[in-house]
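The values are calculated or read from the model by the stated rules, or taken from the named source; none is laboratory data. Fair warning: this is a prediction, and the values are worked out from it, not measured in the lab. Backbone-built Cβ (ideal geometry, glycine too); neighbour counts: all protein chains shown. Side chains are part of the model used for accessible areas, which takes the heavy atoms of the whole protein and leaves out ligands, DNA and RNA. Shrake-Rupley method; radii C 1.70, N 1.55, O 1.52, S 1.80 Å.
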Amino acid sequence: MNLHEFIAAAAARGWLLYVSRPVSAELELAAVAHALDGRPVLFSAVANPYHSAAGPARVLTGLAADRRHFALALGCAPDQILFRLAEAFARPQPAPQVAQGPCQEVIARPGDLTALPFLKHWPDDAGPYATAAIVILRDPDFGLNASFHRLLRLDDHRLAARLVERRGADTAWRKAAGDLPVAICIGLPLHVLLAASMAPAAGVSELDIAHALRPTPLVRCLTHDLLVPAEAEFVLEGRITHELAEEGPFVDLTETIDIARRQPVIEIDCITHRRDAIYHALLPGGLEHKLLMGMPKEPSIYAAVNEVARCRNVCITPGGASWLHAVVQIDKQAADEGEKAVLAAFRGHGSLKHVVIVDKDIDPFDPAQVEWAIATRFQAGRALHLLRDQPSSSLDPSATHTPGQKSRSDKMGLDATIPWDTAAGPAHPDHFRRLPLPEVAVGEYLEVQRATQET
Ligand SMILES: Cc1cc2nc3c(=O)[nH]c(=O)nc-3n(C[C@H](O)[C@H](O)[C@H](O)COP(=O)(O)O)c2cc1C
C-alpha cells in the first residue's frame, strides 16, 4: 500500500483530513500538524520559503500516527500487528528487483534539495529537516541496511545526517575509506517504514523484512548500484562523505531539545521522484514518531522474553515517549520468570529504561490496569530489579551523555506478577484477583432516563 493507496483508504474510512489553504514549510505546517496529531492530514498547498521558484507542494503527515493505520497497511487486526512483525523479523523474504518503478518517473541531476518541502519544525531547530527519510546503504560485510536518520539540509546539494553511534549506518560509514554510496527514500509505504525502524541482526536487510510483511519490489539507482523501494515518492542518490558539519540542535522523540554534534555530510548527485509525488513529513516527538520508534521494538522484546517465559504481548507505552518504557505480559509458569522477563526485555531493546512485567489477566495496553497490578501485586523489596550505569538512549535527557560515546543510564524493572510463595505457584491466587461483579443489562436501568428526556 503506497502513499496514494493509503490516502484513498484513509479517506474512505473518514480518517483523512485535508488542508488546502497555503501553509508555510517554515514552522507553520509543523504547528498545524501538531494540533491535528493522531490524524492523517494531506496539505495540498505547502509554500516553500527556501526556494522562490518551487510551486506549492503536497505534504502528508500522520501516516503512522495510529495503530489502525499499521493494521490497515499490514491487512491484520491491531492486536495482531506484533505477531505479523515477529513473523517477518524471524523469516525475512528476499525483496525482488524490478526493471522500473514510479519513483524514477522524473529525474533531476544533480537536483536541488531546496526545491523539496523540508520542514522547519521548532524555532530552536538548526534548520529545515527531513524526518521521515530512510537511508539505504551497503555495509561491505553485512550488505544492504535501511534505517531512519534525521537529515538537516545544509544547502541545495548537502545534508548533515544524525548517525547514532554503533548502529548499522554509523558502523558502515566508519568502515568506508572513501565516500559511501547512499540512497535516501522519502514517502514510503508504511510497512517499509516499520521494517526500517527495526534493528535486525547484522546481515539481515530491513528491505527483506519489509517484503515479508508486504510485497516490496526494488529498483536499481541511476548513479550507483543500490536498490530502493520502487514505490517511494522521492529518492535522493548520493554519497556519505567523511566531511563533518554541525547537526542540531533538534527537538526529537522525547520533545526535548537534542544537542548539536559534528555529524557526517551527505552530498546529493541525483534526485528522482514520481510524477505526482507526495512528500511525507513526520512531526518529531509526535504520535507518528513515537509509534514508529516503539512498535518495531515490541517484536524484539517479545522474541527475547519468549526465550525465558511464555510471552503473551508487549506494549511500548506512549507515556515513555514510546521508546523508554514497556509493559510485558507473560503466562507465568515459574516463580523466577518475572525477573527473567525483566532482564530479557532489556536485551530485546537496548534503549529500554523501565519495564513492568504483568500476568495474562492484565491488559498491557491499559495503563490503569498496569498501575493496578503494581499497586496490588508488587513489593519493591522483593520484585524491584535495578541495573546501575547501563548503555542507554541518547534521547533521555537524564542519562549521562559523553560525545562520541554511548549514553549511560540506570535501568529498572518491576515484576508486578502475582508472587509465587511455593514452587507450584501462589498459595492464595484469588487474593490477587479483581473480583468481578455480575454483568447486568444496564440499558434496562436507563429506560427511566430516556422517558425523562422525552417529556
Ligand atoms: C522516526 C524515526 C527517526 C529516527 N531517527 C534516527 C536518527 O536520526 N539517527 C539514528 O541513528 N537513528 C534514528 N532512528 C532509529 C533507527 O532508524 C533505528 O534504530 C534502526 O533500527 C537502526 O537500525 P540499524 O542499526 O540496522 O541501522 C530513528 C527511528 C525512527 C522510527
What are the residues in segment 291-310 that are under 29 Å from Pro56 (Cβ atoms) and either open to solvent by 10 Å² or more (accessible area, probe 1.4 Å) or more than 15 Å from the ligand (Cβ to nearest atom) (or both), if any?
Leu291
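Can we say Gly348 is open to solvent by 20 Å² or more (accessible area, probe 1.4 Å), under 24 Å from the mean Cα position of the chain (by Cα) and over 28 Å from Cys103 (Cα atoms)?
Numbers: open to solvent by 20 Å² or more (accessible area, probe 1.4 Å): no; under 24 Å from the mean Cα position of the chain (by Cα): yes; over 28 Å from Cys103 (Cα atoms): yes.
Here the answer is no, as Gly348 does not meet what is asked.
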Checked Ala86, Ala133, Ala126 against criteria (under 19 Å from the mean Cα position of the chain (by Cα), within 16 Å of the ligand (Cβ to nearest atom) and closer than 23 Å to Ala25 by Cα); the one match is Ala133
Mind listing whichever residues of segment 343-373 are in a loop (DSSP other than H, G, I, E, B) and over 16 Å from Arg310 (Cα atoms)?
His349, Gly350, Ser351, Leu352, Lys353, Phe365, Asp366
In this structure, is Ser393 within 30 Å of Gly187 (Cβ to Cβ), in contact with a Phe, Trp or Tyr (Cβ under 9 Å, 6 or more places away or on another chain) and within 16 Å of the ligand (Cβ to nearest atom)?
yes
Against the condition surrounded by fewer than 21 Cβ atoms within 10 Å (Cβ to Cβ) and either more than 27 Å from Pro128 (Cβ to Cβ) or within 12 Å of the ligand (Cβ to nearest atom) (or both), how does Ala172 come out, does it pass?
no
So, of the residues in segment 152-169 that are part of a loop (DSSP other than H, G, I, E, B) and under 19 Å from the mean Cα position of the chain (by Cα), which turns out to be farthest from Leu253 (Cα to Cα)?
Arg166
Please go through segment 314-337 and pick out each residue that is open to solvent by 20 Å² or more (accessible area, probe 1.4 Å) and in contact with a helix residue (DSSP H, G or I) (Cβ under 8 Å, 6 or more places away or on another chain).
Thr317, Pro318, Gly319, His325, Lys332
Against the condition acidic (Asp, Glu) and at pLDDT 95 or above, how does Glu105 come out, does it pass?
yes
Where residues in segment 374-421 are basic (Lys, Arg) and part of a strand (DSSP E or B), which of them is surrounded by the most Cβ atoms within 10 Å (Cβ to Cβ)?
Lys411
Which of the numbered conditions does Asp155 fail, given that it passes all the others? Conditions: (1) among the charged types (D, E, K, R); (2) near the ligand (Cβ under 9 Å from one of its atoms); (3) open to solvent by 30 Å² or more (accessible area, probe 1.4 Å).
(2)
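Residues checked against (1) within 16 Å of the ligand (Cβ to nearest atom); (2) at pLDDT 95 or above:
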position	(1), (2)
Pro200	yes, no
Ile209	yes, yes
His224	no, yes
Pro229	yes, yes
Ile240	yes, yes
Leu244	yes, yes
Glu247	yes, yes
Which residue is nearest to the chain's Cα centre (by Cα), if the candidates are limited to segment 235-249 and must be farther than 20 Å from Ile134 by Cα and of a type in the set (D, E, K, R)?
Glu246
